[in-house]
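Novice: A single structure is presented below for examination.
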């Protein structure tokens with residue numbers, strides 16, 4: 001962990017830059033924010049709100065490490081109440097979220113906190129018609145909460161504009177990247193004004209790809225965490241899921257689909273399990289290869305070169321076969337079973353979280369193996385987190401979000417003649433959706449489309465200096481960072497560096 005990634009609340013200002021901000025208490029809140037808390041039934045504020053509110057209220061760009069249920073929505077909605085002008089119908093604040101459910105949840109909480117202030121909150125997301133969203137815009141939409149794809153649709157159609165936008169918020173940034181929204185987020189950036197009051201990012205984890213996203217949208221952000229005096233962006237999260245002894249491979253598949261790793265190693269204890277698990281993962285559409293000690297040197301090098309170069313997403317291996325492997329930015333390690341040798345757990349987990357990156361280690365255990373894993377955790381003083389294994393309905397919801405995002409992206413890029421071709425099938429699609437037998441045919445096409453997307457990870461922010469990919473011909477505008485210039489992308493936890501002054505607009509603009 002480098003000194004430059006210290007949180008803003010350490011109180012250490014080694015380069016004499018902007019002062020760190022102390023936490024705020026409920027009693028110190030402005031009266032109108034106390035009233036908003038009262039509408040929500042809060043007689044106190046959550047730890048994330050105490051830490052983040054002072055920065056958000058001052059418009060200092062900030063990255064906040066916070067999980068769902070921590071109270072993060074209040075941390076960014078409360079300060080908006082005195083920033084939004086109810087007399088203007090223009091969009092003044094944008095909250096980007098990964099899913100329709102989160103869009104509805106955030107919008108609902110924002111409406112409750114705003115009360116009768118005349119602020120209209122509009123949630124927009126894909127997979128539904130446009131009519132109700134367009135009608136809501138016509139009545140005014142001071143605060144828009146939406147998924148990046150549908151927000152981009154409205155921008156391109158002229159139903160939404162950001163000329164008066166003051167605040168940009170990313171909620172659950174890591175999940176947005178996992179679903180595949182990065183290309184849409186970059187295209188939205190072309191519509192952002194050159195100056196913002198502030199840009200704020202909330203995410204449960206901060207792997208390198210999320211830090212690079214912040215580099216592109218935020219200006220010298222502070223970094224706040226609830227976990228202690230420092231934000232450990234290089235932290236390895238050790239998770240386990242208790243599952244039945246039989247059918248473990250089904251739970252592994254659900255985890256892979258919900259996590260959507262950029263690249264991963266699945267560890268098994270035996271060659272037989274390696275070959276079985278790799279075959280099952282491949283049957284479900286993922287690009288996976290087994291790696292065992294039986295492979296020839298040429299085959300072994302070929303497989304390793306593929307995963308190192310990003311051409312292979314999932315490697316399934318034994319401990320012996322994976323010894324000495326170093327894969328840059330390996331996002332996940334899955335353990336189909338705990339290792340027989342406790343030392344091997346550290347070896348396996350160490351494949352991720354390399355060179356300052358963060359990583360996730362997920363182990364599948366049955367009841368007996370759970371006790372074994374806890375002994376390993378006690379031996380090495382690991383903080384094990386138990387997580388409920390995803391069920392089929394959890395996976396179905398995530399797949400729906402991804403398929404909608406991918407299909408709507410394709411729709412935005414349709415040529416005139418492609419649209420003409422598609423129009424020939426609209427009546428057929430409607431008829432097919434009305435009968436159970438023909439509905440299966442449509443499901444087959446959707447499955448084929450989804451499976452074709454699994455061989456490659458979602459497009460993600462690239463490292464600084466990498467050749468940028470073309471983003472399409474949107475209208476030209478500012479870079480979107482709240483500082484207007486090129487952001488440093490590094491959490492400034494010593495915020496006393498000289499900062500470019502922000503242009504704050506009066507409330508009646």
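Each reported figure results from applying straightforward, stated rules to the coordinates on display, with no laboratory input. It should be emphasised that the depicted structure is a prediction, and the values quoted were computed from it without experimental measurement. Backbone-built Cβ (ideal geometry, glycine too); neighbour counts: all protein chains shown.
Novice: Going by average Cβ density within 10 Å per residue, which order do the peptides 157-163, 175-181 take, highest to lowest?
Specialist: Details: 157-163: 15.1, 175-181: 24.0.
Highest-to-lowest ranking by the protection proxy: 175-181, 157-163.
Novice: Here is a follow-up. Pulled fully out, how much extra length does the chain show between residue 452 and residue 270, if you take 0.36 nm times their separation in residues and subtract their Cα-Cα distance? Intermediate values should be presented prior to the final figure.
Specialist: On the way: separation 182, 0.36 × 182 = 65.52 nm, distance 2.98 nm.
Using 0.36 nm per residue and subtracting the Cα-Cα distance, I get 62.5 nm.
Novice: Just to be sure I understand the model, the point goes 7 Å from the Cα along the line to the Cβ. What's the resulting residue 104 to residue 391 distance in nm?
Specialist: 1.8
Novice: So between residue 28 and residue 58, what do we pick up on full extension, going 0.36 nm a residue minus the alpha carbon distance? Write down the numbers at each step before the final one.
Specialist: Values: separation 30, 0.36 × 30 = 10.80 nm, distance 1.47 nm.
So the extension gain works out to 9.3 nm.
Novice: Another question, then. Principal axes first, then extents: for the Cα atoms of segment 393-453, list largest minus smallest coordinate on each axis, whole Å, largest first.
Specialist: 37, 27, 16
Novice: Could you state the principal axis extents of the C-alpha atoms in segment 3-225, from the largest down, to the nearest angstrom?
Specialist: 52, 38, 30
Novice: Determine the gain in length on full extension of the stretch residue 380-residue 130; use 0.36 nm per residue of separation and subtract their C-alpha separation, reporting nm with one decimal.
Specialist: Numbers: separation 250, 0.36 × 250 = 90.00 nm, distance 5.36 nm.
Contour length minus Cα-Cα distance gives 84.6 nm.
Novice: Give the peptides 331-343, 366-378 in descending order of average Cβ contacts within 10 Å, highest first. Intermediate values should be presented prior to the final figure.
Specialist: Numbers: 331-343: 19.8, 366-378: 15.2.
Final packing ranking: 331-343, 366-378.
Novice: First check a/c for segment 110-221, with a ≥ b ≥ c the square roots of the eigenvalues of its C-alpha gyration tensor; if it is under 1.5, answer rounded, and if not, answer prolate when a/b is larger than b/c or oblate otherwise.
Specialist: Working: a/c = 1.63, a/b = 1.43, b/c = 1.14.
Prolate, since a/c reaches 1.5 and a/b exceeds b/c.
Novice: Next question, about the same structure. Can you pull the one-decimal nm distance between simple spin-label points at residue 300 and residue 428, each 7 Å off the Cα toward Cβ?
Specialist: 5.1
Novice: Turning to a different aspect of this structure: Rounded to the nearest whole Å³, what is the per residue volume of the convex hull around the Cα atoms of segment 236-389?
Specialist: Numbers: hull volume 15.8 nm³, N = 154.
Convex hull of Cα atoms, per residue: 102 Å³.
Novice: Between residue 412 and residue 441, with labels modelled 7 Å along Cα→Cβ, what's the label distance in nm to one decimal, could you check?
Specialist: A separation of 3.2 nm, rounded to one decimal place.
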